[in-house]
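Engineer: Starting off with a structure, shown below.
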Amino acid sequence: MLKVGVLGAGHLGKIHLRLLNESQKYELVGFFDPDAINGKKVANEFGYTYFDNINTLIDAVDVVDIVTPTLSHFDCAKKAMEKGRHVFIEKPITNTYEEAEELLNLEKKFGVKGQVGHVERFNPAFSAVKDKIQNPMFIETHRLAEFNPRGTDVPVVLDLMIHDIDAILSVVQSEVKQINASGVSVISNSPDIANARIEFENGCVANLTASRISLKNMRKSRFFQRDAYISVDFLEKKVEVVKMKDAPETPGDFDMVLQNAEGEKKQIYFENPTIAANNAILDELETFADAINNNTTPVVSLYQGTQALKVALQVIDSFKK
């Protein structure tokens, strides 16, 4: 079991603490929170060990789980990596692209591993169809959330849209060619609604919409590729897979057959992949333990987290243009 310490005991930090405490792959040593009053309150309520010094906690563990506000991700990770500790960092990886690049250098220099908490990669609906998404040429995503003051310190792109950016980058094997985006601030000082059109070198186009002032929650992505349409509902954990194949010479009574202008006949059929129930946060934490123990690449590496941040920042930069 890997000894782990958590930095940050806010809403998400408490979830991480509970799951790490239950995990068979980690031994939870304790946590640090700069707010001593909150730290002692959490310790008293749940029985976790509170460290009042960040360095003392880092010295006592193998893995540091960083669940602090984004602005402090870099400083926390740097402290841990320089002491030879592996780091799990909540998304986005850092506040700036330069900070993320520096963490990549530190990862290599100190021979440690890092993973970024892009939890939607572990959503069972996405996991069920990820291997079926092959060379998509048009992608459409909607990530809408009801207003919650928590998280409004960053633009909606870094709060919500970055989930979809990361998922898209994991299935589109091509470099980004061009980004056009617009964002509107309604309640916050930073954009609350954003739309981005991302064009890739291979011709794929992704159209992403994110809002944190919606009347209802929605987290859906649609992938269109040659002979297939795949829809993923991250919120309801459901998928639709519609595929086409050459129609048989003599179709059955219930076969759905389409004929195009060239006279080619295609049969439409549906696939129903098995969606296995899971706890996505526990899965991301435990696969990181596996990567450390087996010396393999984490599912969401620091490099991938850096690429997602890079594109997200390009989207934000496009607002200004």
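The values are calculated or read from the model by the stated rules, or taken from the named source; none is laboratory data. Everything numeric here is computed off the predicted structure, so don't read it as measured data. All Cβ positions, glycine included, derive from the backbone under ideal geometry; neighbour counts span all protein chains shown. For the accessible areas, the whole protein counts, side chains as well, though only heavy atoms, and no ligand, DNA or RNA atoms are used. Shrake-Rupley method; radii C 1.70, N 1.55, O 1.52, S 1.80 Å.
Engineer: Given H placed 1.01 Å from N in the peptide plane, which residues other than close sequence neighbours of ILE89 have an amide H under 5 Å from its amide H?
Structural biologist: Counting only residues 5 or more places away or on other chains, the set is ILE66, GLN115, VAL116, GLY117.
Engineer: May I pose another question? By how many degrees, between 0 and 90 and to the nearest 10, does the Cα long axis of helix 73-82 differ from the longest principal axis of the chain?
Structural biologist: 70 degrees
Engineer: Summarise the accessible area of the stretch 1-53 (1.4 Å probe, protein heavy atoms) by the percent that is carbon and sulfur. Present the calculation step by step, with values, prior to reporting the outcome.
Structural biologist: Working: 1340 of 2790 Å².
Reported share for carbon and sulfur atoms: 48 percent.
Engineer: I've got another one for you. Kindly provide the GluC sites (Glu not before Pro) of the stretch 233-321 that DSSP labels as loop, not H, G, I, E or B, and whose Cβ sees at most 10 other Cβ atoms within 10 Å. All intermediate terms of the calculation are to be shown ahead of the outcome.
Structural biologist: On the way: sites: GLU236, GLU240, GLU249, GLU262, GLU264, GLU271, GLU284, GLU286; in loops: GLU236, GLU249, GLU262, GLU264.
Here the GluC sites (Glu not before Pro) that fit, given the DSSP loop and packing criteria, are GLU249, GLU262, GLU264.
Engineer: Under a 1.4 Å probe, what is the accessible area of the chain per residue, stated in Å²?
Structural biologist: 49 Å²
Engineer: Using just the helices of the chain, give the 222 nm mean residue ellipticity in deg cm²/dmol: DSSP H runs with n ≥ 4 each add -39,500 (n - 2.57), and the total is spread over all residues, rounded to 500.
Structural biologist: Values: 9 runs with 103 residues, N = 321.
For the chain, the value works out to -10000 deg cm²/dmol.
Engineer: Please label the shape of the stretch 62-140 as rounded, prolate or oblate, based on the square roots a ≥ b ≥ c of the eigenvalues of the alpha-carbon gyration tensor (a/c under 1.5 means rounded; beyond that, a/b larger than b/c means prolate, else oblate). Don't skip to the answer; put the middle values down first.
Structural biologist: Values: a/c = 2.20, a/b = 2.08, b/c = 1.06.
Judged from the Cα gyration tensor, the stretch 62-140 comes out prolate (a/c at least 1.5, a/b above b/c).
Engineer: Right, something else. Run the numbers on the chain and let me know its relative contact order in percent, using alpha-carbon pairs under 8 Å that are six or more apart. Please list the in-between numbers first.
Structural biologist: Numbers: 646 pairs, mean separation 58.1, N = 321.
Relative contact order, the chain: 18 percent.
Engineer: Using a basic spin-label model with each label point 7 Å from the Cα along Cα→Cβ, how many nm lie between ASN202 and PHE110?
Structural biologist: 3.5 nm
Engineer: Related question: What ranking, highest mean first, results for peptides 64-70, 105-111 when packing means the other Cβ atoms within 10 Å averaged over each residue? Working shown, then result.
Structural biologist: Working: 64-70: 23.3, 105-111: 13.0.
Descending mean neighbour count gives 64-70, 105-111.
Engineer: Return the percentage of antiparallel bridges among DSSP beta bridges fully within the chain, rounded to the nearest 5 %. It would help to have the intermediate numbers written out before the result.
Structural biologist: On the way: 45 of 72 bridges.
Taking every DSSP beta bridge with both residues in the chain, the antiparallel ones total about 60 percent.
Engineer: For the pairs LYS237/LYS266; LYS41/LYS91; LYS216/LYS265; LYS237/LYS310; LYS25/LYS132; LYS14/LYS130, flag any whose C-alpha to C-alpha distance is greater than 32 Å. Let's see the in-between values first.
Structural biologist: On the way: LYS237/LYS266 29 Å; LYS41/LYS91 26 Å; LYS216/LYS265 40 Å; LYS237/LYS310 28 Å; LYS25/LYS132 30 Å; LYS14/LYS130 30 Å.
As for pairs spanning more than 32 Å Cα to Cα, those are LYS216/LYS265.
Engineer: With a/c under 1.5 counting as rounded, go ahead and sort the chain into rounded, prolate or oblate using the C-alpha gyration tensor (a ≥ b ≥ c being the square roots of the eigenvalues; past the cut-off, prolate if a/b is larger than b/c, else oblate).
Structural biologist: Working: a/c = 2.08, a/b = 1.74, b/c = 1.20.
Prolate.
Engineer: Once the other residues with Cβ under 12 Å from the Cβ of ALA277 are scored (Lys, Arg +1; Asp, Glu -1), what is the net sum? Present the calculation step by step, with values, prior to reporting the outcome.
Structural biologist: Numbers: positive: LYS237; negative: ASP283.
Net of charged neighbours comes to 0.
Engineer: Report, in debye and to the nearest 20, how large the dipole of the chain comes out about its Cα centre when Lys and Arg carry +1 and Asp and Glu carry -1 on their Cβ. Before the final figure, lay out each step's value.
Structural biologist: Values: 36 positive and 45 negative charges, 65 e Å.
Roughly 320 debye, rounded to the nearest 20.
Engineer: Semi-axes of the stretch 247-289's equivalent ellipsoid from the Cα gyration tensor, sqrt of 5 times each eigenvalue, largest first, rounded to whole Å?
Structural biologist: Numbers: eigenvalues 371, 33, 10 Å².
Over the Cα atoms of the stretch 247-289, the ellipsoid semi-axes are 43, 13, 7 Å.
Engineer: Tabulate in residue order the Karplus-calculated ³J(HN,Hα) for the stretch 164-180, using 6.51 cos²θ - 1.76 cosθ + 1.60 with θ = phi - 60°, rounded to whole Hz; enter x for Gly and Pro.
Structural biologist: Once θ is set to phi - 60°, the couplings for the stretch 164-180 become 6, 4, 4, 4, 5, 4, 6, 10, 9, 8, 7, 6, 6, 9, 7, 10, 10 Hz.
Engineer: Here's something else I'd like to know. For the stretch 147-191, what percent of Cα pairs sit more than 17 Å apart? Don't skip to the end; give the middle numbers.
Structural biologist: On the way: 427 of 990 pairs.
Beyond 17 Å sits 43 percent of the P(r) for the stretch 147-191.
Engineer: Shape of the stretch 256-321 from its Cα gyration tensor (a ≥ b ≥ c, root eigenvalues): rounded if a/c is under 1.5, otherwise prolate when a/b > b/c, or oblate? List each step's numbers first, then the result.
Structural biologist: Values: a/c = 3.12, a/b = 1.43, b/c = 2.18.
Taking the square roots of the gyration eigenvalues as a ≥ b ≥ c, the stretch 256-321 is oblate.
Engineer: Per residue, how big is the convex hull around the C-alpha atoms of the stretch 204-263? Give it to me in cubic angstrom, could you?
Structural biologist: Numbers: hull volume 9.1 nm³, N = 60.
Dividing the Cα hull volume of the stretch 204-263 by its residues yields 152 Å³.
Engineer: With θ set to phi - 60°, apply the Karplus curve 6.51 cos²θ - 1.76 cosθ + 1.60 along the stretch 122-134 and write out the HN-Hα couplings as whole Hz, x wherever there is a Gly or Pro.
Structural biologist: Per-residue couplings from phi come out as 9, 4, x, 5, 5, 4, 5, 10, 3, 6, 8, 7, 10 Hz.
Engineer: Karplus couplings for the stretch 204-214 from phi (6.51 cos²θ - 1.76 cosθ + 1.60, θ = phi - 60°), rounded to Hz, Gly and Pro as x?
Structural biologist: 5, 10, 10, 10, 10, 10, 9, 8, 10, 10, 7
Engineer: Something else about it: Could you tell me what percent of the accessible area of the stretch 104-259 is made up of carbon and sulfur, with a 1.4 Å probe and every protein chain present? Present the calculation step by step, with values, prior to reporting the outcome.
Structural biologist: Details: 3700 of 7830 Å².
Percent of accessible area from carbon and sulfur atoms in the stretch 104-259: 47.
Engineer: Across the stretch 35-169, what fraction of all alpha-carbon pairs, as a whole percent, falls in each successive 10 Å bin from zero upward?
Structural biologist: With a bin width of 10 Å, the distribution comes to 10, 32, 33, 21, 4, 0.
Engineer: Continuing with this model, one more query. Which FRET efficiency value, to the nearest 0.05, is calculated for SER182 and HIS11 with the Förster distance at 35 angstrom and r the Cβ-Cβ distance?
Structural biologist: Working: r = 30 Å, r/R0 = 0.86.
It comes to 0.70.
Engineer: Okay, moving on. Which lysines, if any, have their Cα less than 16 Å from the Cα of LYS109, not counting same-chain residues under 8 positions apart?
Structural biologist: LYS78, LYS79, LYS83
Engineer: Would you kindly work out the equivalent ellipsoid of the stretch 106-262 from its C-alpha gyration tensor and give its semi-axes, the square roots of five times the eigenvalues, largest first in whole Å?
Structural biologist: Details: eigenvalues 216, 83, 53 Å².
Working from the Cα gyration tensor, I get semi-axes of 33, 20, 16 Å.
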